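Q: Structure below; questions to follow.
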Amino acid sequence: MDRIKDKVTIITGAGSGIGRATALRFGAEGAIVVVTDIRASTAAATAEEINKEGGRAISMAVDCGVESQLKDMIDNTIAQFGRIDVLYNNAIKTADMQKKSDDNFLEFDRSTFYDIVDVNVLGGVLASKCVIPYMIKQGGGVILFTSSCSSLGGDVAQFSYGASKAMVNWYVQTIATTFGKQGIRCNAILPGVIQTPSQKAWSTPEMDKEFLDLQNVPRLGLPEDIAALALFLASDESSYINGTHYRCDGGMTAGVPFVPLMRKLLLPQKAKETNE
Ligand SMILES: NC(=O)c1ccc[n+]([C@@H]2O[C@H](COP(=O)([O-])OP(=O)(O)OC[C@H]3O[C@@H](n4cnc5c(N)ncnc54)[C@H](O)[C@@H]3O)[C@@H](O)[C@H]2O)c1
């Protein structure tokens with residue numbers, strides 16, 4: 001407990017899923033949490049939950065695709081609390097807010113790509129631009145991004161999403177190298193399959209079963225798994241860690257790609273032969 005006591009922490013996209021779970025965990029650990037989301041009501045609900053449990057939180061409606069709102073988020077937090085110890089860039093342009101689907105390469109659409117990059121990449125990069133001068137002045141700070149395992153390889157869908165997360169990985173390393181000497185640490189978390197509202201919206205029980213086969217643990221991920229890693233990366237316990245991409249994916253990317261196939265086909269066959 002109290003690993004980030006009194007640290008002023010801004011979390012974007014914290015009205016739902018990973019952001020919400022992280023806000024609740026940080027609140028329980030004594031942080032002062034600035035809960036932000038494009039949806040004012042869900043941000044307010046998360047902050048209320050923290051306060052009800054005896055924590056300290058306020059909420060702000062912030063669209064991460066609008067630079068002036070990112071600047072206001074940082075300036076208003078400074079005005080209220082005098083410092084910002086942690087900025088967690090977590091929001092994404094969710095599928096239900098996109099003008100068009102991103103799943104057909106042959107209908108690749110510039111405006112969809114830019115919409116996604118505006119929130120998923122620039123949302124975090126521009127918020128970092130605004131917060132870094134304050135962090136330098138106060139002697140340091142922590143910036144986190146939620147990236148994705150989708151940044152690690154080719155895909156057959158979400159043609160702008162994976163690219164946006166690969167860009168996030170680059171900026172994480174670049175912020176770490178550019179400002180590390182001034183006490184700023186910047187790290188990324190790469191979730192695997194995490195059962196959040198947006199994951200549940202596009203997945204089906206059949207898909208979840210297949211996803212489970214890809215994991216090297218007995219269950220799918222929960223938002224609280226990411227919150228636990230974010231807590232470590234935000235706390236002083238990780239003060240020697242900078243510019244990394246941490247996978248939190250149930251070991252999904254640990255094996256060679258054909259492990260699930262071997263499990264399904266080869267291992268039962270071998271077991272059968274041994275029993276004969
Ligand atoms: N759930 C997964 O399996 C998974 C896997 C890999 C990476 N991620 C990443 O985790 C992060 C959180 O995703 P989640 O699954 O918790 O989703 P979620 O839908 O539960 O939460 C996303 C939140 O972002 C908010 N949002 C949408 N557009 C916004 C904008 N323009 N400005 C500010 N807020 C905005 C939504 O209102 C919502 O509250 C994302 O960066 C996502 O890419 C999730």
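We did not get these values from a lab; they are worked out from the coordinates using the rules stated. Values in this document were obtained by computation on a predicted structure and should not be read as measured data. Here Cβ is always computed from backbone atoms with ideal geometry, including for glycine, and neighbour counts include all displayed protein chains.
Q: If Rh is defined by the Kirkwood formula over all Cα pairs and Rg also comes from Cα, what ratio Rg/Rh do you get for the range 105-256?
A: Dividing the radius of gyration by the Kirkwood radius yields 1.00.
Q: In terms of the ratio Rg/(2.2 N^0.38 Å) built on C-alpha atoms, what value belongs to the range 5-65?
A: Relative to the 2.2 N^0.38 Å estimate, the range 5-65 comes out at 0.94.
Q: GNM on the chain, C-alpha springs below 10 Å: top fluctuator among Gly17, Gly154, Gly141?
A: Largest GNM mean-square fluctuation: Gly154.
Q: Here's a follow-up. Quick one: helix 40-52 against the long Cα principal axis of the chain, what's the angle to the nearest 10°, folded into 0 to 90?
A: 80
Q: By count of other Cβ within 10 Å, fewest leading, how are Val125, Val259, Val35, Val168 ordered?
A: Ranking Val125, Val259, Val35, Val168 by Cβ neighbours within 10 Å, fewest first, gives Val259, Val125, Val168, Val35.
Q: Helix 123-138 sits at what angle to the longest principal axis of the chain, using alpha carbons and giving 0 to 90 degrees rounded to 10?
A: On a 0 to 90 degree scale, this one is about 50.
Q: Highest GNM mean-square fluctuation, the chain, Cα pairs closer than 10 Å: which of Gln173, Gln215, Gln158?
A: Evaluated over the chain, the most mobile residue of the options is Gln158.
Q: Using only alpha carbon pairs under 8 Å that are at least six residues apart, calculate the relative contact order of the range 1-158 and give it in whole percent.
A: Contact order relative to length: 22 percent.
Q: How much mean residue ellipticity at 222 nm does the chain get from its helices, if each DSSP H run of length 4 or more adds -39500 (n - 2.57) and you divide by all residues, to the nearest 500 deg cm²/dmol?
A: -13500 deg cm²/dmol, from helical runs alone.
Q: List, in the order given, every pair from Lys100/Lys200; Lys71/Lys137; Lys93/Lys209; Lys99/Lys200; Lys7/Lys71 whose Cα-Cα distance in the structure shown is over 22 Å.
A: From Lys100/Lys200; Lys71/Lys137; Lys93/Lys209; Lys99/Lys200; Lys7/Lys71, over 22 Å: Lys93/Lys209.
Q: Can I ask one more? Once the Cα atoms of helix 161-179 and of the chain are each reduced to a long axis, what angle between those two axes, in degrees from 0 to 90 to the nearest 10, is obtained?
A: 50
Q: Where Rh is the Kirkwood radius over the Cα pairs of the range 8-275, the temperature 10 °C and the viscosity 1.306 mPa s, what D in µm²/s does Stokes-Einstein return?
A: Working: Rh = 19.2 Å.
My calculation gives 83 µm²/s for D.
Q: Also: Please list the non-local residues whose amide H lies under 5 Å from the amide H of Gly243, H modeled 1.01 Å from N, same-chain partners needing a gap of 5 or more.
A: Those qualifying (amide H under 5 Å, at least 5 residues apart or on another chain) are Cys186, Asn187.
Q: What is the range 8-275's relative contact order, in percent, from Cα pairs under 8 angstrom and six or more apart in sequence?
A: Value for the range 8-275: 18 percent.
Q: Between Asn76 and Gln173, what FRET efficiency follows from the Cβ-Cβ distance if R0 is 30 Å, with the result rounded to 0.05?
A: So, using R0 = 30 Å, E works out to roughly 0.55.
Q: Once you place label points 7 Å from the Cα toward the Cβ at Leu266 and Glu206, how far apart are they in nm?
A: 2.8
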